[in-house]
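In what follows, a structure is listed as structure tokens, so that the remarks can point back to it.
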Amino acid sequence: MAPAPAPLRTARRAVVTGGAGFVGSHLCDRLRAADTEVVCLDNLLTGSLDNLADRADDPGFTFRHHDVCEPFDVTGPVDLVVHLASPASPHDYARHPVETLRAGAHGTLNALELAHRKGARFLLTSTSEVYGDPLVHPQPETYWGNVNPIGPRSQYDEAKRYAEALTTAYRTARGTDTVIVRLFNTYGPRMRPTDGRAVPAFITQALTGRPLTVAGDGSQTRSLCHVDDTVGGILAAAAAGHPGPVNLGNPAELSILQLAHRIRDLCGSASPVEFVERPGDDPSLRRPDITLARTALGWQPAVDTDRGLAQTIDWFARHLVGARG
Ligand code: NAD
Ligand code: UDP
């Protein structure tokens, strides 16, 4: 499924925080495929070493169990630091609000300090959540967002907004080479079935014949990007000179009810849809404007939603439902 790895112009040795997570583990795999040595730092708060099973005997890969909110150093040269460490699903950041704010604040500071000391390029994985419940649609990078600073998603949204501001300050005041990417909803193999996000929830429900829990009337929209595309965009941003922020996402927009039906059909499931209460401050619309990614990075998503969902369903069926049954 993965397109050819983006050519990394400079990175011979990369530090990846949050590399045992969903997106981070795919990034580690792709960096290693491009022959970049990788040091991964992760405290396994929401990640798992299972995601790094393919790296177990890889001499070019090092795993360090570390909370990036505590300062850290890495011996030897580093030319790329990718900071992903943070809970990312609404379910996870609701359970870990203080940890999420600390990862955005202290974790970003420590990762920036490392990049600054090493003269490395620093890449922050920010999020479409900085746009909050957007009043502009689709969302371009120039939109400042509509975020509730004390709402149920604020620990995540404001942590990322602070992380963006801190990254910008290091760039302007200290001359650190930085880039901010704003990831939109990403899906694919290695999502946790219990992380509460729509894609793993609907797939596990459909595969086990349980009702698909659609929040509200399901008219809210999301735009789903396959993880291979998202990682391709991260690598393109790492290799380019652009500071961002740049949106990385797939503009193919679906209502959540359409997504539930699509997943149910692809699973060949007879699960009914059950409408459940919609969480507070749940964004109503989300679709990236990716003009900048196309022009500045030469990147755009390649994986068609049905094909990506079918591949993800197949992975869930083999790794999770199959393992239980
Ligand atoms: P994930 O929860 O699977 O991965 C996050 C990883 O960070 C986990 O392995 C976790 O253990 C680790 N971590 C958390 N706090 C840490 C700390 N203090 N020290 C060390 N490690 C820590 O989430 P994901 O979906 O892979 O998201 C990765 C990044 O991408 C996050 O920064 C997230 O905000 C961003 N992002 C993801 C999406 C998406 O749709 N997946 C969308 C927008 C942004
Ligand atoms: N959602 C849903 N049922 C679920 C999980 C999520 O209807 O079991 C909805 C959720 O309310 C939101 C959308 O699906 O409107 C996307 O949620 P997700 O947690 O996947 O991502 P995010 O809200 O972070 O974009």
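The values are calculated or read from the model by the stated rules, or taken from the named source; none is laboratory data. What you see is a predicted model, and the numbers here were worked out from it, not measured in a lab. Virtual Cβ from ideal backbone geometry, glycine too; neighbours counted across all protein chains shown.
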Checklist (1) touching a strand residue (DSSP E or B) at 6+ places or on another chain (Cβ under 8 Å); (2) within 12 Å of ligand 2 (Cβ to nearest atom) applied to Ile203, failing item: (1)
Please find, within segment 199-237, the residue that is farthest from ligand 1 (Cβ to nearest atom) out of those that are among the aliphatic types (A, V, I, L, M) and closer than 13 Å to Arg182 by Cα. Ala237
For Val179, state whether it is farther than 25 Å from Arg307 by Cβ, within 16 Å of ligand 1 (Cβ to nearest atom) and either at pLDDT below 95 or surrounded by 21 or more Cβ atoms within 10 Å (Cβ to Cβ) (or both). yes
Between residues in segment 97-116 that are over 15 Å from Arg171 (Cβ atoms) and residues that are at pLDDT below 95 and within 16 Å of ligand 2 (Cβ to nearest atom), which pairs lie under 9 Å by C-beta distance while being six or more apart or on different chains? none
All but one of (1) away from ligand 2 (no atom under 14 Å from the Cβ); (2) buried (at least 22 other Cβ atoms within 10 Å of the Cβ) hold for Asp157; which doesn't? (1)
Search result, residues across segment 80-107 that are crowded, with 21+ Cβ neighbours inside 10 Å and more than 24 Å from Gly196 (Cβ to Cβ): Leu80, Val81, Val82
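Does any residue of segment 1-9 turn out to be at pLDDT 95 or above and either buried (at least 24 other Cβ atoms within 10 Å of the Cβ) or away from ligand 2 (no atom under 16 Å from the Cβ) (or both)?
no
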Looking for something of a type outside the set (Ser, Thr, Tyr), within 16 Å of ligand 1 (Cβ to nearest atom), under 27 Å from Asn148 (Cα atoms) and buried (at least 24 other Cβ atoms within 10 Å of the Cβ) - is there at least one such residue anywhere in segment 273-288? yes
Among the residues of segment 163-184, is any among the hydrophobic types (A, V, I, L, M, F, W, C), within 13 Å of ligand 2 (Cβ to nearest atom) and closer than 30 Å to Thr142 by Cα? yes
